Amino acid sequence: MEGNNAIGSTAQSASVPASSPCGGGTLGRHLARRLVQIGVKDVFSVPGDFNLTLLDHLIAEPELNLIGCCNELNAGYAADGYARAKGVGACVVTFTVGGLSVLNAIAGAYSENLPVICIVGGPNSNDYGTNRILHHTIGLPDFSQELRCFQTVTCSQAVVNNLDDAHELIDTAISTALKESKPVYISIGCNLPGIAHPTFAREPVPFYLAPKVSNQLGLEAAVEAAAEFLNKSVKPVIVGGPKVRVAKAQKAFVELADACGYPLAVMPSGKGLVPEHHPSFIGTYWGAVSSSFCGEIVESADAYVFVGPIFNDYSSVGYSLLIKKEKLIVVEPNRVTIGNGPSFGWVFMTDFLSALAKKLKKNTTALENHHRIYVPPGVALKREKDELLRVNILFKHIQEMLSGNTAVIAETGDSWFNCQKLNLPENCGFEFQMQYGSIGWSVGATLGYAQAAKDKRIIACIGDGSFQVTAQDISTMIRCAQKNIIFLINNGGYTIEVEIHDGPYNVIKNWDYTGLVNAIHNGEGKCWTAKVKTEEDLTEAIATATSTHKDSLCFIEVFVHKDDTSKELLEWGSRVSAANCRPPNPQ
């Protein structure tokens, strides 16, 4: 995806055929070909009577793989994970009961700026406007309820109940998803996918999405103002955020870092987008729970460039960042704002970063300060004999598993904080859902990411509470012959919520998690499970998962004490709790 502003725009060597070789030029085939053209090879689905004919046409496309999921929520999460690895994802569900079930996952994709094509099999086109009541609805003749729900969590919506404008509606929605990097909603009448129509007679011409070009005068003014601001500073820093992905600006970001010599940090939600093997990298900036010596360098700087940030209550640790606006340059995907001064619109991140790199004087003052004060992390205390495995020991061993052939998926919870401390080797993937923070996201996301990134082995760190929400699609991973390694961290509850506000509702019913996965496995496919209670157990389990069972789905249930958390979670939880408990402002 890096540097590619036109998904599916590659010219084909052969001319576009005058008519489709099979299917008689149908809506179903057009949609299938469009998905293939934009880079979707796997579609996550749950069948329902309104989408069955459409699914037939998707299955008929030889370059498309239809993956049946256990429920719509997981299908949506899988499309989210797939989009993170591939640049775009797709899911297919049925009308209303399926649509409203997948809605939560689509909202998450919207919050994370992921282009997901959400396709719904809709009512028969003849039923619109008839005052009929259909099944799978809330019992009213108005079929727009689902559409209205999706309007707030997608950037474009298309209700296809007429073949005459179906081609235009579908292409507009899909191209909008790619341009905006947001999900879209497409509802297709259940009687339409197999009907031939002249607009579908030809193989669809690949999209050409014109690259966004900055306003040249605005770009020059923004670069001049930023360079003046930074070149007179003493110890500036750069911090990368999550919107570097949507702007496709990873290369430009590194170009700037190489040129200026400033320390390079990453916001927690941007981890994986910034190269941690870069010589200027100093860690994660997350306010009071930053990497050691990173927060001090960032907050003591006299100028900071935040590239693609999202400042919310979680990333700001309950609004407690010590960042001063007058020292701040914010680079958005299409705008640059400098301190309390000017703001420049229609200036795109990649253009700005590349141009700024040529104007900055090299300044390594803050980086040298970091080198002077930095002390390497300590070694975990020697364990007692037969002591229950400690979380910091677990993640020490996970660190040793990482390479450019792995990717880490971190579930909402203490895994956020423990995985932030992992040092990512070059080309090692990393994903988590910080903005939306939906527990259970990681199971479906692991399924989707693994399906898209078949050259990597996925290491997923999932808490027991989160796993209980979406556990079923371990089944789909086995069916797809995935070789993920899942660490199920069993501490008996919702630990992240305990540290924000404790109560009996944070204690969950314990499951025999390996027993559940063995039951799902049921002797079909490759799956291996293990229970781990000590460091010796863990060492043995990892050795088995990476050798004897390197081609299997490996599920390792890790038992830890319920109060064994990262120190960062303790600090973060108390600050977020304080932000949540602010009294009403006086009226």
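The values are calculated or read from the model by the stated rules, or taken from the named source; none is laboratory data. What you see is a predicted model, and the numbers here were worked out from it, not measured in a lab. In this analysis, Cβ positions are derived from the backbone assuming ideal geometry, glycine residues included, and neighbour counts consider all displayed protein chains. Protein only, heavy atoms only, side chains kept; ligands, DNA and RNA dropped before computing areas. Shrake-Rupley method; radii C 1.70, N 1.55, O 1.52, S 1.80 Å.
Within the range 349-448, the chymotrypsin sites (Phe, Trp or Tyr not before Pro) that combine a DSSP coil assignment with at most 15 other C-beta atoms in a 10 angstrom radius are TYR374.
For SER101, what is the net charge nearby, where nearby means another residue's Cβ is under 14 Å from its Cβ and Lys, Arg count +1, Asp, Glu -1? Walk me through the intermediate numbers first.
Details: positive: none; negative: GLU72, GLU146, ASP473.
Net local charge, SER101 excluded: -3.
The residue list VAL517, SER552, ALA460 was ranked by how far each Cα lies along the charge dipole of the range 437-564 toward its positive end, using unit charges on Cβ atoms, and SER552 comes out on top. Protection proxy ranking, highest mean first, for peptides 182-195, 133-146, 323-336, 475-488: 182-195, 475-488, 323-336, 133-146, where packing is the per-residue count of other beta-carbon atoms within 10 Å, averaged.
For the range 363-405, taking the reciprocal of the average inverse distance between every pair of different Cα atoms yields a Kirkwood hydrodynamic radius of 13.6 Å.
The share of C-alpha pairs in the chain whose separation exceeds 41 Å stands at 28 percent. Summing charges over all other residues whose Cβ lies under 13 Å from the Cβ of PRO211, with Lys and Arg as +1 and Asp and Glu as -1, gives +2. Amide H contacts of ILE486: ALA460, CYS554, PHE555, ILE556, each under 5 Å away and 5 or more positions distant or on a separate chain (H built 1.01 Å from N in the peptide plane; Pro and chain starts excluded).
For the peptides 418-428, 119-129, 36-46, the ranking by mean Cβ contacts within 10 Å, running from highest to lowest, is 36-46, 119-129, 418-428. Calculated translational diffusion coefficient of the range 191-316 (37 °C, 0.692 mPa s; Stokes-Einstein with Kirkwood radius over alpha-carbon pairs) equals 191 µm²/s. Between the range 439-511 and the range 270-334, the alpha-carbon centres lie 28 Å apart. Using the Cβ-Cβ distance between ILE373 and ASN580 with R0 set to 35 Å, the FRET efficiency from 1/(1 + (r/R0)^6) comes to roughly 0.55. With contacts taken as Cα pairs under 8 Å at a separation of at least 6 residues, the chain carries a relative contact order of 14 percent.
What the Cβ-Cβ distance of ALA227 and TYR319 gives, at R0 = 30 Å and to the nearest 0.05, is a FRET efficiency of 0.45. For the range 162-252, dividing the convex hull volume of the Cα atoms by the residue count gives 145 Å³ per residue.
Among the GluC sites (Glu not before Pro) in the range 331-393, those placed in a DSSP loop whose Cβ has at most 10 other Cβ atoms within 10 Å are GLU384.
Check each of the trypsin sites (Lys or Arg not before Pro) in the range 165-247 and keep only those in coil by DSSP with at most 11 other C-beta atoms within 10 angstrom; list them in order.
Numbers: sites: LYS179, ARG202, LYS212, LYS232, LYS243, ARG245; in loops: ARG202, LYS212, LYS232.
Passing both the DSSP loop test and the Cβ count: LYS232.
Each label was represented as a point 7 Å from its Cα along the Cα-to-Cβ direction; for THR546 and GLU326 these points are 5.2 nm apart. When only Cα pairs below 8 angstrom with a gap of at least 6 residues are kept, the range 394-474 shows a relative contact order of 39 percent.
Based on the Cβ-Cβ distance from GLN587 to GLN145, what FRET efficiency comes out when R0 is 45 Å, to the nearest 0.05? Walk me through the numbers on the way to the answer.
Numbers: r = 37 Å, r/R0 = 0.82.
Computed FRET efficiency for GLN587 and GLN145 comes out at 0.75.
All Cα-Cα separations within the range 97-146 were binned at 10 Å from zero, giving a P(r) of 22, 44, 25, 9, each value a whole percent of the pairs.
Hey, what number do you get for the chain at 222 nm if only DSSP H runs of n ≥ 4 count, each worth -39500 (n - 2.57), divided across all residues, to the nearest 500? Write down the numbers at each step before the final one.
Numbers: 21 runs with 208 residues, N = 587.
Result for the chain, helices only: -10500 deg cm²/dmol.
Compactness of the range 441-523 is given as radius of gyration and Dmax, 13.9, 43 Å, from Cα positions.
Give me the tail of P(r) for the range 37-111 as a percent: Cα-Cα pairs with distance above 15 Å. Please list the in-between numbers first.
Details: 1411 of 2775 pairs.
Every Cα pair in the range 37-111 considered, those over 15 Å come to 51 percent.
Ranking LYS454, LYS531 by solvent-accessible area of protein heavy atoms (1.4 Å probe, all protein chains present), from largest to smallest, gives LYS454, LYS531. Within straight-line reach of LYS562, meaning a Cα separation under 26 Å, sit the following lysines at least 8 residues removed in sequence or on another chain: LYS382, LYS385, LYS396, LYS421, LYS509, LYS531, LYS533.
Here the simple spin-label model places points 7 Å from the Cα toward Cβ, and for ALA196 and THR539 these points are separated by 7.0 nm. Residue-normalised convex hull volume from the C-alpha trace of the range 81-176: 92 Å³ per residue.
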